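First comes the structure, then the notes that go with it.
Computed from the coordinates by the stated procedures, all read-outs in this text should not be read as laboratory data. What you are looking at is a predicted structure, and each value in this text was computed from that prediction instead of being measured. Cβ placement follows ideal geometry from the backbone for every residue including glycine, while neighbour counts extend to all protein chains displayed.
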There are 2 protein chains.
Amino acid sequence: MSDIEIARAANKKPIQEIGQKLGIPNEHLLPFGHDKAKVSEDYIKSVQGNKNGHLILVTAINPTPAGEGKTTTTVGLGDGLNAIGKKAAVCIREASLGPCFGMKGGAAGGGYAQVVPMEDMNLHFTGDFHAITSAHNLLAAMLDNHIYWGNEQEVDIRRIAYRRVMDMNDRALREIVCNLGGVANGFPREAGFDITVASEVMAILCLANDLADLEKRLGDIIVGYRRDKTPVYCRDIKADGAMTVLLQQAMQPNLVQTLENNPAFVHGGPFANIAHGCNSVVATTTALKVADYVVTEAGFGADLGAEKFFDIKCRKAGLKPEAVVLVATVRAMKMNGGVAKGDLNNENVDAVKKGCANLGRHIENIKKFGMHPIVAINHFVSDTDAEVAAIQEFVSGEGSEAVLCKHWAKGSEGIKELAEKVVEIVEAGKSDFKPLYEDDLSLFGKIEKIAKEIYRADEVIADSKIRNQLKEWEEQGYGNLPVCMAKTQYSFTTDPTRRGAPTGHDLPVREVRLSAGAGFIVAICGEIMTMPGLPKVPSAENIRINEAGQIDGLF
Amino acid sequence: MSDIEIARAANKKPIQEIGQKLGIPNEHLLPFGHDKAKVSEDYIKSVQGNKNGHLILVTAINPTPAGEGKTTTTVGLGDGLNAIGKKAAVCIREASLGPCFGMKGGAAGGGYAQVVPMEDMNLHFTGDFHAITSAHNLLAAMLDNHIYWGNEQEVDIRRIAYRRVMDMNDRALREIVCNLGGVANGFPREAGFDITVASEVMAILCLANDLADLEKRLGDIIVGYRRDKTPVYCRDIKADGAMTVLLQQAMQPNLVQTLENNPAFVHGGPFANIAHGCNSVVATTTALKVADYVVTEAGFGADLGAEKFFDIKCRKAGLKPEAVVLVATVRAMKMNGGVAKGDLNNENVDAVKKGCANLGRHIENIKKFGMHPIVAINHFVSDTDAEVAAIQEFVSGEGSEAVLCKHWAKGSEGIKELAEKVVEIVEAGKSDFKPLYEDDLSLFGKIEKIAKEIYRADEVIADSKIRNQLKEWEEQGYGNLPVCMAKTQYSFTTDPTRRGAPTGHDLPVREVRLSAGAGFIVAICGEIMTMPGLPKVPSAENIRINEAGQIDGLF
């Protein structure tokens, strides 16, 4: 059966029963239909005194077209932990609407390790992204309105740093001229739209601890600069209060369920390049208060995703992860070892061994954060025993362990061994999490440390304009912020074709941006697309409600 | 107490209890929180065999700055009917988000005749408008994408007739140039945004009978023209199926409650100028299947709102209203009689009598649709007995009756007399509803009939370009469509300052538009703003969550 067929056949329980597993009373679950709910702000406040559960990060090797199954493993491990008697919840990101109309929408997980309801999660879900779009665009409208009515803040319309957003793949809106049509419509200027997941408001919602913190961070957004180059903040435009009101409900984490009726928090979805790519801090911290084990994931491979999870999310939210699962597949190891996609079904132990270099480097990197990773081999039917053994042997040599997991085909039954080992790691208390760098390292120093220690670059290449910009921000008091790297996810280098564990490369930084509300500096090292386009034949052309009332073409 | 204080003090019941009053089982109510729910599509199908309840329209005199209280009376009458033992429901429109950040948001009703939850209804509610925004903009993105990838349909980019929408007051987006930035971003062209309530998709959602009808109508939207001036339809761009999927949930009517815990359907909100300004057909027809009395309202005064309700909504949906309530106030009569707003608190029986001319003309007009209107005098504390008596005497002279209603101050207790009279009218079966004109009257003939019979204009002024355009549409098969008039709501004429019952005026038609999906021709007779702006000090500047967790500044 396909993922969607499995998802449709799910025996879902009323969301109140899922909440009960975590001790959340019905009145504190704000239902959205019968299978989704938001956990109330009041309830979240009420559990702040609880002891925290154990936080487990699922990350992966660099993604390849073979697929790794990071979300599948996150969901599977959650079910596996429940199956061995632990009270566990998973925390993952929400999906973006726009891309579903270009390429097909995605399951949250796969096979027998999925979160449902799948259709809703790919469409409007509980409306969080729509709320973010509204809040984001309210500030944009208020900014242009401020200029229109006299521009008391003296915003330089050539230096506006805040774009509009839409949850749609719409290349026509990437670059526009707005305020046309004469005096009644404002002062013409260049502008543009990003997709909603690229909004700084999205990153803020995902990093804010509570509504007060949300409002403060929204106020900190820099919307543009004056002619003297001093920043104009969102709070100068007085939009922060109304934006918070628009986001009040969206700040409450969403509870849904896995196919095995275990709790899953699905909340927030910032870009994994110009933002940090993790589900919301509120969802993770709430899950930790109501579950004994919380399994979460980070975007892309460990070089980007885990690094940002540790250095941005955990640092900011004071989280202490206690175990890291690194997902790898035989097929992805083969691609890292030089095999073409068409040849992945043929046994090739040598290629697996060669490709393990990529895995090995991620293991080494994760240890730099004080963590002891365990490897999950996400099993595919084409994998041979010899290939699996090759990975296990390699990982043993790195002082770690690789566990074969069959959750895709068997659900929790197929991943109990990994769940047991994860519990062992947690109970042994071997992890001693620490970020890669201290707050007081210089901004350039932070970029350099990530580049050299994680990407293994020889040098960071940045012209004086970029270095001066970083210094300027330090003088303005932003020097203590972490750095959010925007780099290709396919390689440790900035060249997406260099798989494995490359050396002898530099890291060129093309541009730096300040996300003052989210609280990080973005270092852009390559082409970053913040508004995707649709393909020649968008999947939307085939999406429809069929005679049985089901949605065709979305998956 | 203010409206918001009364609303916050409401003793709301769980929405399932409200559904039970109408016999809707819990599993067919899709909850949104504890006080809002959508009625499932399956349930709506299951009640199609039920006998219809009685449909009552609440309309009003031309609006004045004094306020009339049309929604308040709609809600009050619903409560009044329930209080005298009838199973009654009200059907009203949803509020638009954008304007709440300019001027303060509005209650649904007022005083002790309100629908709650008020905050939600002014914010995201159940996400319907966000879904409409997404569906609308998906078509726009697919249209520009179609052109980008080769323009197989040969759309003339100078003749694109479809704009984008946003639920925001954002004048900067009224006129833009999009697709800038070079080859990768498309072919630069002029474009713009309307507010979501002005979207043809909104009008379609509100007129569609079911999902199949919705998909067909979406497919009929004209997105632009080729160089040979033949229309390009939404279905040529293949967006209709995916738009329907995005709107599937939004098509289900929303159930909430009045302060007296009676059922209220709040669904859809098309503009009352370039569209027909009524709540959705699905909500009204569903309410008629589950309630014995359904009270609904139409936008603006009876010259625009009731005419469109009758000639567009009732005609299209096959509805047969059985009673019409015409709302008037002493204060509004005084303004129609020439009194300035500052002098409304002083008794002025002569001005009331003079202003009754406006009311009288609406009574005459409503009779032209085969209906026998009853007048509701929505009581204000400043009204004197003599003033009230003046209206009642005038209305008697017109062969009708005017009932003093005190629902604003007393809830259902204050409007029982009107409820009893409405039941009498319905039970007497005196109404014999018919639209003003037949389908086969020419398009210009329809405009002329409305202008002469309803607005009492001497002539319709339209240049040959407009007349030829109407003939062209007739040749293309659109001649049987009704006409949707876009005219100022403040006067029977196109001059908003001419109150009372003016004569000796013409109706100039400036522009005509074809809404082929919604199924009407729009005749624009004056300035129509489809994207509002924000005022110098937008209310958004003062909106925030206060220390008590309540929303300040929204009302």
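The orientation-averaged shadow of the Cα convex hull for region A:286-373, equal to a quarter of the hull surface, comes to 6.8 nm². In degrees from 0 to 90, rounded to the nearest 10, what is the angle of the helix B:281-290 Cα long axis to the longest principal axis of chain B? Tilt of helix B:281-290: around 40 degrees. Here the Kirkwood formula puts the hydrodynamic radius of region B:6-96 at 15.6 Å, using every distinct Cα pair.
The Rg/Rh ratio for region B:186-259 is 1.07, where Rg is the radius of gyration of the alpha carbons and Rh is the Kirkwood radius.
Convex hull volume per residue, computed on the Cα atoms of region A:100-165, equals 124 Å³. Neighbouring Cβ atoms from other chains, within 10 Å of the Cβ of residues in B:545-554, number 3 on average. Distances, shortest first, from the label point of A:Ala409 to those at the same position in the other copies read 7.9 nm; the point lies 7 Å along Cα to C-beta.
Working value for the protein assembly as shown: equivalent-ellipsoid semi-axes of 56, 31, 28 Å, each the square root of 5 times a Cα gyration tensor eigenvalue, largest first. Enter the mean projected area of the convex hull around the alpha-carbon atoms of region B:246-297, in nm², rounded to one decimal. Projected over every direction and averaged, the Cα hull of region B:246-297 covers 4.4 nm².
Over 19 Å apart at the Cα level, from the set A:Lys289/A:Lys416; B:Lys86/B:Lys316; A:Lys70/A:Lys308, are A:Lys289/A:Lys416; B:Lys86/B:Lys316. Computed from phi, the 3J(HN,Hα) profile of region B:441-452 under the Karplus parametrisation 6.51, -1.76, 1.60 (θ = phi - 60°) reads 5, 5, 4, 5, x, 5, 4, 5, 5, 4, 4, 7 Hz, with x in place of Gly and Pro. Phi-derived couplings, Karplus 6.51 cos²θ - 1.76 cosθ + 1.60 at θ = phi - 60°, listed residue by residue for region B:311-318: 7, 10, 5, 5, 4, 5, 9, x Hz, with x used for Gly and Pro.
Compactness of region B:310-446 was expressed as the Cα radius of gyration divided by 2.2 N^0.38 Å, which yields 1.18. Lys-Lys pairs in region B:443-525 that are eight or more residues apart or on separate chains and whose Cα atoms lie under 16 Å of each other come to 4. Computed from backbone phi with θ = phi - 60° and the Karplus coefficients 6.51, -1.76 and 1.60, the 3J(HN,Hα) list for region A:215-227 is 4, 4, 5, 4, x, 7, 4, 8, 9, x, 10, 7, 4 Hz; x is used for glycine and proline. Peptide packing for A:535-548, B:162-175, B:213-226 was compared via the average number of neighbouring C-beta atoms within 10 Å per residue; ordered from the highest value, the list is B:162-175, B:213-226, A:535-548. Neighbouring Cβ atoms from other chains, within 10 Å of the Cβ of residues in B:119-129, number 3 on average.
Across the copies of the chain, A:Ser46 has label points (7 Å from Cα along Cα→Cβ) spaced 3.3 nm apart, shortest distance listed first. Modelled label positions at B:Ala386 and B:Ala9, each set 7 Å beyond Cα in the direction of Cβ, lie 3.5 nm from each other. The label-point distance for A:Val183 and B:Ala548, in a model that sets each label 7 Å from Cα toward Cβ, rounds to 4.6 nm.
When Rg and Dmax are taken over the Cα atoms of region A:50-169, they come to 20.6, 65 Å.
Overall form of chain B: prolate. Here a/c, set by the Cα gyration tensor axes a ≥ b ≥ c, is 1.5 or more, and a/b is the larger of a/b and b/c. Panel order for A:Asp292, B:Asp506, A:Asp311, by other beta carbons found within 10 Å of each beta carbon, from fewest to most: B:Asp506, A:Asp292, A:Asp311. Here is how far apart the B:Gly429 label points are across copies: 8.5 nm, shortest first, using a point 7 Å from Cα toward Cβ. Take each residue of peptide A:132-145, count the partner chain Cβ atoms within 10 Å of its Cβ, and average: the result is 6. Placing a pseudo-label 7 Å from each Cα along the Cα-to-Cβ vector at A:Lys434 and A:Lys471 gives an inter-label distance of 3.0 nm.
By the count of other C-beta atoms within 10 Å, a proxy for reagent exposure, A:Leu77, A:Leu97 are ordered fewest to most as A:Leu97, A:Leu77. Ordering A:Thr497, A:Thr384, B:Thr494 from the fewest to the most neighbouring beta carbons within 10 Å gives A:Thr497, A:Thr384, B:Thr494. Length, then width, then depth: along the principal axes, the Cα atoms of region A:443-525 run 40, 24, 19 Å.
Checking the a/c ratio against 1.5 first, then a/b against b/c, what shape does the Cα gyration tensor give for region B:128-244? Oblate is the answer for region B:128-244, as a/c is 1.5 or above yet b/c matches or exceeds a/b.
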